[in-house]
Amino acid sequence: MKPLAGINVLDFSQFLSGPSAALRLADLGAAVTKIENPDGGDICRRLYISALQIDGDSSLFHAINRNKKSITVDLKNAAQHDALLPLIQNADVVIFNFRPGVASRLGLDYRSLKAINPAIIYGEISGYGDEGPWVKRPGQDLLIQALSGLCHLNGDASQPPLPFGLSVTDIFAGDYLVQGIMAGLVKRITSGCGCQVQVSLLDTVLDLQFEVLTTWMNDGQQDPVRSAVNNANAYLSAPYGIYPTARGYLALAMTPIPRLGELLGCPALTTYTQPDTWFSYRDEIKTLLIDHLQTKDCDSWLSILEQEDIWCAKVMDWEQLYASEGFKALKMVQQLTLPSGKSLLTTRCPIKIDGDVFLSPVGAPPLGADNP
């Protein structure tokens, strides 16, 4: 039996952050029902990240809504709204990511639902929290990354601020919401009462930066200095970065520079004997590495470095990763079956409990598939 079997979740959210939280609860055994607008449903059904469309819905929708049910409810229609009452009474968890004030106008705020079901765990994701001058701004991933300072950590010193190539704010906010919901479920065991769990996208991305922000706040608020070449972390010294070789790319993490010079056969690196120079001469060291590493291919360098337990890795694309034995050993891919009979490959839940891997063959539901 999966650990959350018997937990009922109503997912009122859409796009990525809230549905990704509901997905993780579903993976762990909760019964998740999406509450969708009958006029098109979750906007993510039509939010295409490529030209790929499966049974009329985007691949993104299928990726984050597997193993859920779908019920359509016009939340602005009083008669239909009343039909939610028994579902709310029977729910353990509800998830929202409405714009500020929308849940209250619809009578779906925490106070209203707590009056119906005092034991309910009310999970809510917002853009900027519930107070302050930014509350009504659009809570969108790229905009949050831009405001948070995160983009000034990416790319080389000569490049403009760069966002991540993933919706990291949405994804991590969903993860944080799951942590809060799980804590709320534990609290309910001891107190018998539910609670309101709130996560904002801005809180999330600030917490993701806890290492570097802590350094900045306690080190005279000096701006992070990105490396001019091969920047990977503005706060780490050489050789930290990704380097071109004669064929392929090599990632190097924290390694004593003289030792690296000995192993690579690069005498110039052995002169940097003092650890403080690995930062003050970071770009100089990285430039030496760029020139030297292009004299052999990536696999040749790996054969030297890996046997000496140097922190290094080949930079793979998805095709190389997919074919690798390391990837195959993880068994991270699962096959879903859609109501139409079509099959779909996607990732599985990354969590194991007592060695159990949590899989489900059930694909995302068509809009309103589980209407009474």
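Select from the stretch 233-244 the residues that are among the hydroxyl-bearing types (Ser, Thr, Tyr) and out of contact with any Phe, Trp or Tyr (no Cβ under 6 Å at 6 or more places or on another chain) and list them in ascending order.
Result: TYR235, TYR240, TYR243.
Could you tell me how many of the residues in the stretch 309-320 are free of Cβ contacts under 8 Å to residues at least 12 places away in the same chain and surrounded by 12 or more Cβ atoms within 10 Å (Cβ to Cβ)?
Number satisfying all stated conditions: 2.
Quick check on ALA115: is it out of contact with any helix residue (DSSP H, G or I) (no Cβ under 8 Å at 6 or more places or on another chain), modelled with pLDDT of 95 or more and within 26 Å of LEU185 (Cβ to Cβ)?
Yes.
Determine whether the stretch 48-57 contains at least one residue that is in the same structural domain as ALA103 (by TED's automatic domain parsing), closer than 24 Å to LEU201 by Cα and either modelled with pLDDT under 95 or of a type in the set (A, V, I, L, M) (or both).
The answer is yes, given that some residue of the stretch 48-57 is in the same structural domain as ALA103 (by TED's automatic domain parsing), closer than 24 Å to LEU201 by Cα and either modelled with pLDDT under 95 or of a type in the set (A, V, I, L, M) (or both).
Just give me the residues in the stretch 229-275 being β-branched (Val, Ile, Thr) and more than 29 Å from PHE210 (Cα to Cα), in sequence order.
THR245, THR270, THR271, THR273, listed by residue number.
Going through the stretch 186-211 one residue at a time, which ones are outside any strand (DSSP E or B) and either among the charged types (D, E, K, R) or closer than 17 Å to ILE120 by Cα (or both)?
VAL186, LYS187, ARG188, ILE189, THR190, SER191, GLY192, CYS193, GLY194, ASP203, ASP207, GLU211
Looking at the stretch 327-368, which of its residues are of a type in the set (D, E, K, R) and surrounded by 14 or more Cβ atoms within 10 Å (Cβ to Cβ)?
ARG348
Give just the number: which of (1) among the charged types (D, E, K, R); (2) within 24 Å of the chain's Cα centre (by Cα); (3) surrounded by fewer than 20 Cβ atoms within 10 Å (Cβ to Cβ) does LYS76 not satisfy?
Result: LYS76 passes all but (2).
Look through the stretch 50-107, keep the residues that are among the polar types (S, T, N, Q) and free of Cβ contacts under 8 Å to residues at least 40 places away in the same chain, and return whichever of them is nearest to LEU359 (Cα to Cα).
SER59
Can you name every residue in the stretch 237-260 that is among the aliphatic types (A, V, I, L, M) and touching a residue at least 40 places away in the same chain (Cβ under 8 Å)?
ALA238, ILE242, ALA246, LEU250, ALA251, LEU252, ALA253, MET254, LEU260
In the stretch 271-303, which residue that is part of a helix (DSSP H, G or I) and charged (D, E, K, R) is nearest to LEU260 (Cα to Cα)?
Taking the candidates together, the pick is LYS286.
Among the residues of the stretch 216-242, write down those that are under 13 Å from GLY155 (Cβ atoms), aliphatic (A, V, I, L, M) and surrounded by 16 or more Cβ atoms within 10 Å (Cβ to Cβ).
VAL229, ALA232, ALA234, listed by residue number.
Answer yes or no as to whether GLY127 is in contact with a Pro (Cβ under 9 Å, 6 or more places away or on another chain), within 18 Å of PRO19 (Cα to Cα) and modelled with pLDDT of 95 or more.
Yes: the conditions hold for GLY127.
Could you check how many residues of the stretch 304-314 are out of contact with any helix residue (DSSP H, G or I) (no Cβ under 7 Å at 6 or more places or on another chain), of a type outside the set (A, V, I, L, M) and not in a helix (DSSP H, G or I)?
The qualifying residues number 2.
Go through (1) touching a residue at least 24 places away in the same chain (Cβ under 8 Å); (2) part of a loop (DSSP other than H, G, I, E, B); (3) within 28 Å of GLY149 (Cβ to Cβ) one by one and return the number of the condition GLN221 breaks.
(1)
The values are calculated or read from the model by the stated rules, or taken from the named source; none is laboratory data. In this text, all values refer to a predicted model and were calculated from it rather than measured experimentally. Virtual Cβ from ideal backbone geometry, glycine too; neighbours counted across all protein chains shown.
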